[in-house]
Amino acid sequence: MENFSSKISKLSLEADSSAIGEAFVVKTERNLAKNLGLLFGITDLRNMPDAFTDKFTEMISDLRTEYYLPPFDIEEGLEKRFEECLQRANRRLNKIINESFEEINISGVHAVIGLIHKNKIYLSQIGHINAFLFHQKKHFDRIIIDILNSGAEKKAKPDHGKMFSNIVSGAISERDDIIICNFKLMEAISQYDLLALFADHESQESIPAKIEQFIESQGQKDNFYAIIIQPEASEVAQQSTGSLPIDKHEGIPSLPSQNSINKLLRTQEKTERYLTPSMMPSWQKIIILISRGLKKTSAFIWKYLKILLIYLGRQIKKLFAIIARKISKKPAITNPIIPGMEEPALELGLNNESPKNYTLDDQEMSGHDPLKIVSKWLNRQMAKIMRFSGLQKTLLVFALILIFAFSESIVWMGQVSSTKKSPNDPSVISLQVEDQINLAEAQNIFNDDVGAKNYLQQARNLLAKIPSNKKYQAMRADLQSKIDKLSQTIQKISSLENPQLITDLSADNAQVKTLSISNRTLFAYGNANQTLYQIDLDKKQINKTIIPQASNNIAKITFFDSKNLIILDGSGNLSNYTLKASSTNPLLSGSASDVSVYGGNIYILQKDKNQIIKYSLTKNKLAAPSPLIKNNYNVSSTSAIFATVSGVITFNNSGQIKYFKKGVPDNTIFTAVDPVVKPPIQLYSDSAGYIYLLDQTNRKIIIYDKKGQLKVQITSGQFSYLDAMAVSEKDKKIYVLSGNKIFAINTNL
């Protein structure tokens, strides 16, 4: 592709205060723009909370600055630098959404970030952004290409952890115009209208001014943003486009003829090359370039080395033939003369000196001594070389240089192999760990969670090979920090800095271990003072009621209805507590491992019977038992249960979640997390099908969707330990108990 100059202009028309956005082209130093390209973009936020809008705008502003910060090393290419910049923006965006206390509907977020360098363009988008390329063919025909394919149906809900996950890259020519705009602009003006505006070269106004006039003439009121990329005007371009047969008074161009359609079909494959997604990783591109270069270099060296070897072989054959004749006892009539060579001047007496007297022994020695023969042959060869033409001498010198370079390379490779570090050297292992981390991050960016986890596990395995002594302590700590940080991103771990504190019961030294909620009232029980705490979330008041327990600690309380609580103690005893009467009635003795209430029924996990049994409650007594587990499925290792409208969710000691529907586990596979969750835990499922898992040991709340896909893991440095949780679907909040403190967490689900 030839290089040419492009000009970028922007359009910003705002009339709707509920939408916030901008079209921007980064202004930077000329040298930076020349080497790193020009960054541009569009943001369009619709009906988003003010706090989110401010942070999103700040994120985009930082992205525009970070791209042009040092280091300016671009050995890996501009696309890699652009991709890393987007990765940092993704991580910030994920954190902004997870830490927001207001519900964030990411379907209202629309943005595109682009980079243009010479004739190459790179685009990455969020939401619904349009981008069209208007390509002019030879006979004034123009075709329209939807670069981002914005009209295609979205197959899945966007993942806010990987918003800028795909980069479309390609090359444009001097016959191409590009417009990138928000979806509102395409509702106000059609593609053919845009085509007519681009084709109208008689007007002296810029494309943004033309679009603005068109929108105003149509009486459209909204926020419109656009970026226009056009080749710089030249004589050739003006001659090829200035006479395009479009009447500016008609408003839109005429429909293409059948001949034009046929031409479009025949040239479609060729035209699509202008913007082809670049999906090959940069390291593969480098390997391909190196391998091709080595092949060409090797072929060049072998060509001239082969010529030299053939020449030397022929001369060696002549040498052996001469030696064989000299050694043989056949008398030689005359001295052999090689064609084209004269006898040395000494033997012909041409030096005007008297010939020396040779003895018979000297003559015999000169005729049969191999050293003399070789010496004479070398003299003749030197004389022959001196008579070479200039081109022949140049080729000979070049061949000798290639032989020398080839031998030196062999020596160098031998030295490298001799000094090469052992595969078990910590510095070598450290580089391998870095490679695996980079591969894991790349897989995560492109939505391959399984591949990312595999690479991350390989990085952990390699890290374990580095000695843990003081010499490598800093190296191990740095690599471990990178692994942990990437693991949190892959596993969608959101760490809250300051979760909302509801109340602190530390002053009572209550030793609270259980939590439940009904409407806007939280219930917690303190085993140390045998007190039931009723926390009114609206009035922010705490009522205390004594519930004496002779010797057993209460492990769980759950609501049966507005008048009764079901209480499970640490010995497996189940009882009913009536709030109004403040009275306790025993229900089951020493057989309950966990309990759940749904639809006026009590579901009890009874491991001694390898069963989950549903009971009704009649006059404060259990009645009408109904076993739920069929086909003798083993539930003896189950540690927690939760009843729902369609069945019972269970969690066993191996960290597996199973959904029993009609007494049989279904095929739902829940995404594994690291580290594996182990008891004690607590389960909850809401009406939308989301499943909440309280991982007490690792201080996390894990949320799955109804298909078993991991949505988010929530933790905080404020959680010293997690004892219990209560989920309020109405408020979209999770209330968690950590020690004697109760916190509230927004779920935004």
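Observations on the model:
- The set of residues in segment 596-613 being more than 17 Å from Ser575 (Cα to Cα), in a strand (DSSP E or B) and polar (S, T, N, Q) consists of Gln611 alone.
- Residue check, Phe651 assigned by TED's automatic domain parsing to the domain that holds Phe559, assigned to a loop (DSSP other than H, G, I, E, B) and either without any contact (Cβ under 8 Å) to a residue 40 or more places away in the chain or touching a strand residue (DSSP E or B) at 6+ places or on another chain (Cβ under 6 Å) (or both): no
- Restricted to strands (runs of 3 or more DSSP E) entirely inside segment 655-749, those with at least 3 residues that are over 30 Å from Gln457 (Cα atoms) are 724-728, 733-738, 741-746.
- Matching residues, segment 512-543, being among the hydrophobic types (A, V, I, L, M, F, W, C), in contact (Cβ under 8 Å) with a residue 24 or more places away in the chain and not in a strand (DSSP E or B): Leu537
- Scanning segment 384-400 for residues that are in a helix (DSSP H, G or I) and surrounded by 11 or more Cβ atoms within 10 Å (Cβ to Cβ) yields Lys384, Ile385, Gln392, Lys393, Thr394, Leu395, Leu396, Phe398, Ala399, Leu400.
- Scanning segment 28-39 for residues that are touching a helix residue (DSSP H, G or I) at 6+ places or on another chain (Cβ under 7 Å) and either among the aromatic types (Phe, Trp, Tyr) or assigned to a loop (DSSP other than H, G, I, E, B) (or both) turns up just one, Gly37.
For every residue, the table says whether it meets (1) loosely packed, with under 12 Cβ neighbours inside 10 Å; (2) part of a strand (DSSP E or B); (3) among the acidic types (Asp, Glu).
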residue	(1), (2), (3)
Leu456	no, no, no
Ser468	yes, no, no
Ala477	yes, no, no
Ile483	no, no, no
Ser494	no, yes, no
Ala507	yes, no, no
Ala510	no, no, no
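- Residue check for Asn553: at pLDDT below 90 and over 20 Å from Arg520 (Cα atoms): yes
- Looking only at residues in segment 176-215 that are of a type in the set (S, T, N, Q) and not in a helix (DSSP H, G or I), the one that is nearest to the chain's Cα centre (by Cα) is Asn182.
- Some residue of segment 150-164 being within 22 Å of the chain's Cα centre (by Cα), at pLDDT 85 or above and surrounded by 15 or more Cβ atoms within 10 Å (Cβ to Cβ): no
- Within segment 69-84, the set of residues being touching a residue at least 24 places away in the same chain (Cβ under 8 Å) and either surrounded by 18 or more Cβ atoms within 10 Å (Cβ to Cβ) or part of a helix (DSSP H, G or I) (or both) comprises Leu78, Glu79, Lys80, Arg81, Phe82, Glu83.
- The set of residues from segment 716-749 being charged (D, E, K, R), crowded, with 18+ Cβ neighbours inside 10 Å and more than 34 Å from the chain's Cα centre (by Cα) comprises Asp723, Lys741.
- Residue match in segment 584-599 (condition: of a type in the set (D, E, K, R) and farther than 24 Å from Asp686 by Cα): no
- The C-beta contact set for segment 462-489 (first residue without any contact (Cβ under 8 Å) to a residue 12 or more places away in the chain, second residue of a type outside the set (A, V, I, L, M, F, W, C), distance under 6 angstrom, 6+ apart or interchain) is empty.
- Long-range neighbours under 8 Å by Cβ, at least six apart or interchain, first residue within 16 Å of Phe404 (Cβ to Cβ) and touching a residue at least 12 places away in the same chain (Cβ under 8 Å) within segment 298-313, second assigned to a helix (DSSP H, G or I) and acidic (Asp, Glu): none
- Residue that is surrounded by the fewest Cβ atoms within 10 Å (Cβ to Cβ), among those in segment 672-689 that are free of Cβ contacts under 8 Å to residues at least 40 places away in the same chain and of a type outside the set (A, V, I, L, M, F, W, C): Pro675
- Test for Ile42: is it in contact with a Leu (Cβ under 6 Å, 6 or more places away or on another chain), part of a strand (DSSP E or B) and at pLDDT 85 or above: no
- Those residues of segment 618-635 which are among the polar types (S, T, N, Q) and loosely packed, with under 14 Cβ neighbours inside 10 Å, in sequence order: Thr618, Ser626, Asn631, Asn632, Asn634
- Filter result for Pro679 (outside the structural domain of Arg460 (by TED's automatic domain parsing) and at pLDDT below 90): no
- Qualifying residue in segment 360-369 (condition: outside any loop (DSSP other than H, G, I, E, B) and at pLDDT 70 or above): no
- In the set (1) in a helix (DSSP H, G or I); (2) modelled with pLDDT of 85 or more; (3) buried (at least 17 other Cβ atoms within 10 Å of the Cβ); (4) not aliphatic (A, V, I, L, M), the condition left unmet by Asp62 is number (3).
- For Ile604, the requirement of being in contact (Cβ under 8 Å) with a residue 24 or more places away in the chain and closer than 22 Å to Val727 by Cβ is met.
- Selection of segment 1-26 for residues being in a loop (DSSP other than H, G, I, E, B) and within 28 Å of the chain's Cα centre (by Cα) yields only Val26.
The values are calculated or read from the model by the stated rules, or taken from the named source; none is laboratory data. Just so we're clear, the structure is a prediction, and the values are computed from it rather than from any experiment. Cβ coordinates were reconstructed from backbone atoms using ideal geometry, including for glycine residues, and neighbour counts include every protein chain displayed.
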